[in-house]
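S.K.: Take this structure, written in structure tokens, and hold onto it; I'll ask about it next.
The values are calculated or read from the model by the stated rules, or taken from the named source; none is laboratory data. Predicted, not measured: the structure shown is a model, and the values here were computed from it. Backbone-built Cβ (ideal geometry, glycine too); neighbour counts: all protein chains shown. Ligands, DNA and RNA are stripped out before the accessible areas are found, and what is left, the full protein with its side chains, is counted by its heavy atoms. Shrake-Rupley method; radii C 1.70, N 1.55, O 1.52, S 1.80 Å.
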Amino acid sequence: QVLLVESGGGLVQAGGSLRLSCAASGRTFSGNAMGWFRQAPGKERDIVAAISWSGLGTYYADSVRGRFTITRDNAKNTVYLQMNSLNPEDTAVYYCAASAGSEYSISRSLYAYWGQGTQVTVSS
């Protein structure tokens, strides 16, 4: 059974930081691109950041570029999302996902495996 388990969410004040982790089990994802998505109440699930299998290629949504950093540790089968300068608009459930391919994609439909999500709440 393939599992992606997110952790690190929580409540933080505006301007604060959080680091999300996504640990994979059941198979290795070292050859797959990974992504972080988020979904706020009443809104679509949108991509936040993505990273290629090697870690050399990354993508960030305009709304988080310069504040968030996606990294991965293939030896640990884990991907991270460092979130700095958080603001209330970042409040959402954050999901980790594994792509079917090795290069990153911004299309939700190309991600084959999903975690259960972790809540991030930023208070003003």
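S.K.: Quick one: count up the residues across segment 2-26 that are open to solvent by 30 Å² or more (accessible area, probe 1.4 Å) and on the phi > 0 side of the Ramachandran plot.
M.R.: Number satisfying all stated conditions: 3.
S.K.: Sticking with this one: Scan segment 1-39 for residues that are within 14 Å of the chain's Cα centre (by Cα) and of a type in the set (Gly, Ala, Ser) and report the count.
M.R.: Here the count works out to 8.
S.K.: Name the residues in segment 75-93 that are within 17 Å of residue 62 (Cβ to Cβ) and not in a loop (DSSP other than H, G, I, E, B), would you?
M.R.: First, the residues of segment 75-93 that are within 17 Å of residue 62 (Cβ to Cβ): 81, 83-87, 89-90, 92.
Selection gives 81, 83, 89, 90, 92.
S.K.: Here's another thing I want to ask about it. Of the residues in segment 36-52, how many are touching an Asp or Glu at 6+ places or on another chain (Cβ under 7 Å) and on the phi > 0 side of the Ramachandran plot?
M.R.: Here is the first cut: in segment 36-52, the residues touching an Asp or Glu at 6+ places or on another chain (Cβ under 7 Å) are 37-38, 52.
Right, trim to on the phi > 0 side of the Ramachandran plot and you get none.
Summing the residues that are touching an Asp or Glu at 6+ places or on another chain (Cβ under 7 Å) and on the phi > 0 side of the Ramachandran plot in segment 36-52 gives 0.
S.K.: Here's another thing I want to ask about it. Of these, 104, 111, which one is open to solvent by less than 30 Å² (accessible area, probe 1.4 Å), touching a residue at least 40 places away in the same chain (Cβ under 8 Å) and among the aromatic types (Phe, Trp, Tyr)?
M.R.: Result of the check over 104, 111: 111.
S.K.: Still on this structure, I have one more. Can you pull out the residues in segment 70-91 that are closer than 17 Å to residue 38 by Cβ and buried (at least 17 other Cβ atoms within 10 Å of the Cβ)?
M.R.: Initial filter on segment 70-91 (closer than 17 Å to residue 38 by Cβ): 70, 79-91.
Correct list: 70, 79, 80, 81, 83, 86, 90, 91.
S.K.: Which residues, taken from segment 58-69, are more than 10 Å from the chain's Cα centre (by Cα) and open to solvent by 30 Å² or more (accessible area, probe 1.4 Å)?
M.R.: 58, 59, 60, 62, 63, 65, 66, 67
S.K.: Sticking with this structure for a sec: I'm trying to understand the selection: among the residues of segment 61-74, which are of a type outside the set (A, V, I, L, M, F, W, C) and not in a strand (DSSP E or B)? So that I can check it myself, show each step before the final result.
M.R.: Within segment 61-74, the first condition is being of a type outside the set (A, V, I, L, M, F, W, C), and the residues that meet it are 62-63, 65-67, 69, 71-74.
Correct list: 62, 63, 66, 67, 74.
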